[in-house]
Amino acid sequence: MAGLLGFLKRLRALNDPPRAVKNADALRFGILGAARIGPDALITPAKSHSEVVVAAVASRNSEKAIQYAKTHQIPKVYSGEECYQKLIEDPEIDVIYNPLPNSLHYEWTMRALKAGKHVLVEKPIADTAEEAREMISSAEQKGLVLLEAIHYTFYPAVQRVKEIINSKELGNIKSVKASFAVPTLPNGIIFLKDDVRFNYDLGGGATMDMGVYPLSAVRYFTSSDPLEVTSATSIGHALDPQRIDRSMHTFFSFPGSISAETFVDFQMPGWGPFGLLPRALKISVYIILEGGEIDFYNFAVPHLYHSIKVKPRGKKTRVEKVYKRPDGYGEEWWSTYRYQLDAFVDRVRGRTPQAWPTANEPMIQMEWVEKTYTKADMPVRPASASKVM
């Protein structure tokens, strides 16, 4: 019962957090596109942060832009064909949040950096590793902050699992498996029938979307990068089976004789009579070590609910739940996105974030995305036709 009450309390505060009094010099964010991820990833977390104001949104669809701004109380709206550029050039905007389709991440992030704006860009950072390299280089040259939104790595529970691994309590890692797969669901619950994630030219595919989570997880928890993609098997999406992966099952070899496995699926088929029964959500990391195992459920959105089962060999299993940093900073209802926003603001302000990725992290991630597609005999995503210098 206590667990249920805690969940309901967190959920209420997540959806309607206490409003912070905004500092006079708060960073002013502008959003490119009226994206569905916007409220969870930025708008709601910003409400409780005294140094963040969501000041503007741009959408080529005027009606959609106005409605989005009204719903989320965003004071300034840009619409029409030139709306993204106008938002980027707005002298009152300090930071650009880019949740556009994957194929537009490179162009509009580069344009924002060129205009002197810091950028928080949704994952994956770009469609190719080379684009990621150019984006990272541009930010470094201009002294600007660029962050790919791998938000879960900022969360206390995720950091706790890594702490257990690094403590060597259970010895060295032998293998790790990370999965993120959802059952087939009605239109609109997660995906739309014509979702951009099913469109090759827009940088779609399971490995490019949900697949970023398990791939980054096996790299994060092993604190290393793969040596090789040993196998990759895809199932094509019905709308474009030769180019868009509905699911991808991949095996990697890592340094230290560690083996890793990732699984992602947009639409797991049902089971039982006529396939009518939906499959359970898969969103876990399972780590086998020399002296035991760690079973981490819901690594991608642990603020909703998670479970860390630590199973030392020959000893009693313990279950840990970590909704707040051990130093007491933060709140139990803070989401992964709220912790990410906190780190981003610290970086922009010249403070030292509690956690921060290495500069080349997004490029390395994209290199292994591309190698996965190649191993599965599927094409890598096309580079942007627009080059911004």
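Under the simplified labelling scheme, the Lys9-Asp295 pair shows an inter-label distance of 2.7 nm, with each label point 7 Å from Cα along Cα→Cβ. Over all distinct Cα-Cα pairs of segment 262-389, the Kirkwood formula returns a hydrodynamic radius of 19.1 Å. The charge dipole of the chain, taken about its Cα centre with unit charges on the Cβ of Lys, Arg, Asp and Glu (plus for the first two, minus for the last two), comes to roughly 1300 debye.
Computed over the chain, the P(r) tail beyond 39 angstrom holds 15 percent of alpha carbon pairs. Among the chymotrypsin sites (Phe, Trp or Tyr not before Pro) in segment 301-332, those placed in a DSSP loop whose Cβ has at most 14 other Cβ atoms within 10 Å are Tyr329.
The Ser253 and Asp377 beta-carbon pair, evaluated with R₀ = 25 Å, returns a calculated FRET efficiency of approximately 0.80. The local environment of Pro156, defined by Cβ-Cβ distances under 9 Å, has a net charge of +3 under the rule Lys, Arg +1 and Asp, Glu -1.
The mean accessible area for residues of segment 189-286, using a 1.4 Å probe and ignoring ligands and nucleic acids, is 45 Å² per residue. Hydrodynamic analysis of segment 68-226 uses the Kirkwood radius over alpha carbon pairs. Inserted into Stokes-Einstein at 37 °C and 0.692 mPa s, it gives a translational diffusion coefficient of 181 µm²/s.
Just so you know, the averaged projected area of the alpha carbon convex hull for segment 193-264 sits at 4.8 nm².
Across all Cα atoms of segment 8-81, the radius of gyration (one decimal) and Dmax (whole number) stand at 12.8, 43 Å. Per-residue ellipticity at 222 nm from helix content only, as computed over the chain with -39500 (n - 2.57) for each DSSP H run of at least four residues, stands at -8500 deg cm²/dmol.
Given R₀ = 25 Å, what would the calculated FRET efficiency be for Ser386 paired with Lys86, taking r from the Cβ atoms and rounding to 0.05? About 0.90, to the nearest 0.05. Distance distribution P(r), segment 241-318, all Cα-Cα pairs, bin width 5 angstrom from 0: 3, 11, 14, 17, 19, 17, 10, 5, 2, 0 percent. The separation of segment 302-373 from segment 82-145, counted between C-alpha centres, amounts to 23 Å. Just so you know, the Rg over Rh for segment 176-301 is 1.00, from Cα atoms, with Rh as the Kirkwood radius. Heavy-atom surface analysis with a 1.4 Å probe gives segment 218-300 a carbon and sulfur content of 59 percent of its accessible area.
Cβ-Cβ distance of Thr184 and Ser223, R₀ of 35 Å, FRET efficiency by 1/(1 + (r/R0)^6): the value works out to about 0.50. Solvent-accessible area of segment 1-159 (1.4 angstrom probe, protein heavy atoms only): carbon and sulfur portion equals 51 percent. Modelled label positions at Ser307 and Arg351, each set 7 Å beyond Cα in the direction of Cβ, lie 3.6 nm from each other. Here segment 5-134 yields Rg over Rh of 0.99, to two decimals, using C-alpha coordinates and the Kirkwood radius. Per residue, the convex hull spanned by the Cα atoms of segment 39-111 measures out at 96 cubic angstrom.
The values are calculated or read from the model by the stated rules, or taken from the named source; none is laboratory data. Quantities reported herein were computed from a predicted structural model and do not represent experimental measurements. Using ideal geometry, Cβ is built from the backbone for each residue, glycine included, and neighbour counts are taken over all protein chains shown. Quick note on the areas: whole protein, heavy atoms, side chains included, nothing else; ligands and nucleic acids left out. Shrake-Rupley method; radii C 1.70, N 1.55, O 1.52, S 1.80 Å.
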